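A short worksheet on the structure shown next.
Any read-out appearing in this document is the output of simple, stated calculations on the displayed coordinates, not a laboratory observation. In this text, all values refer to a predicted model and were calculated from it rather than measured experimentally. Cβ atoms come from the backbone with ideal geometry, glycine included; neighbour counts cover every protein chain shown.
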Amino acid sequence: MSKGLISAKRKSGDPDCYSWVWVLPTPDGRFRVAAIEVPKRLVDDDVCFYEADFRTPFLRIVAEIGDIDEVVREAGVDPDLLDAPWNNDFPL
């Protein structure tokens, strides 16, 4: 498990959105596991967007690195698919 930002594509609950699960280390040593759904038009047109432009249907803060896989599964992704964001088109 990396201590850097990692992500994986997931099935979106909205056909007009792309969705990813991402794992982000927090400054206090915990990990933020979130699923986001971003409108396809923003991603496809390479438009800059902000938190107000997407939905976060799943959000959990994890204290132990060993608990991340289970939480990522709860978010709808196989943890083996987690990778560097540029390998799964995560919009940085």
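The conditions are (1) out of contact with any Phe, Trp or Tyr (no Cβ under 7 Å at 6 or more places or on another chain); (2) surrounded by 15 or more Cβ atoms within 10 Å (Cβ to Cβ), and F90 fails exactly one of them. Which is it?
If we test F90 against (1) out of contact with any Phe, Trp or Tyr (no Cβ under 7 Å at 6 or more places or on another chain); (2) surrounded by 15 or more Cβ atoms within 10 Å (Cβ to Cβ), just (1) comes out false.
Taking D89 as the residue in question, decide whether it is in contact with a helix residue (DSSP H, G or I) (Cβ under 8 Å, 6 or more places away or on another chain) and not hydrophobic (A, V, I, L, M, F, W, C).
Judged against the criteria, D89 is a match.
Looking at region 17-38, which of its residues are surrounded by 10 or more Cβ atoms within 10 Å (Cβ to Cβ) and either more than 23 Å from D83 (Cβ to Cβ) or of a type in the set (S, T, Y) (or both)?
Those that are surrounded by 10 or more Cβ atoms within 10 Å (Cβ to Cβ) and either more than 23 Å from D83 (Cβ to Cβ) or of a type in the set (S, T, Y) (or both): Y18, S19, T26.
For the structure I just gave you, tell me whether Y18 is at negative phi, in contact with a strand residue (DSSP E or B) (Cβ under 7 Å, 6 or more places away or on another chain) and not β-branched (V, I, T).
Answer is yes for this residue.
Could you list, in sequence order, the residues of region 58-87 that are buried (at least 17 other Cβ atoms within 10 Å of the Cβ), of a type in the set (A, V, I, L, M) and farther than 13 Å from K9 by Cβ?
V62, I68, V71
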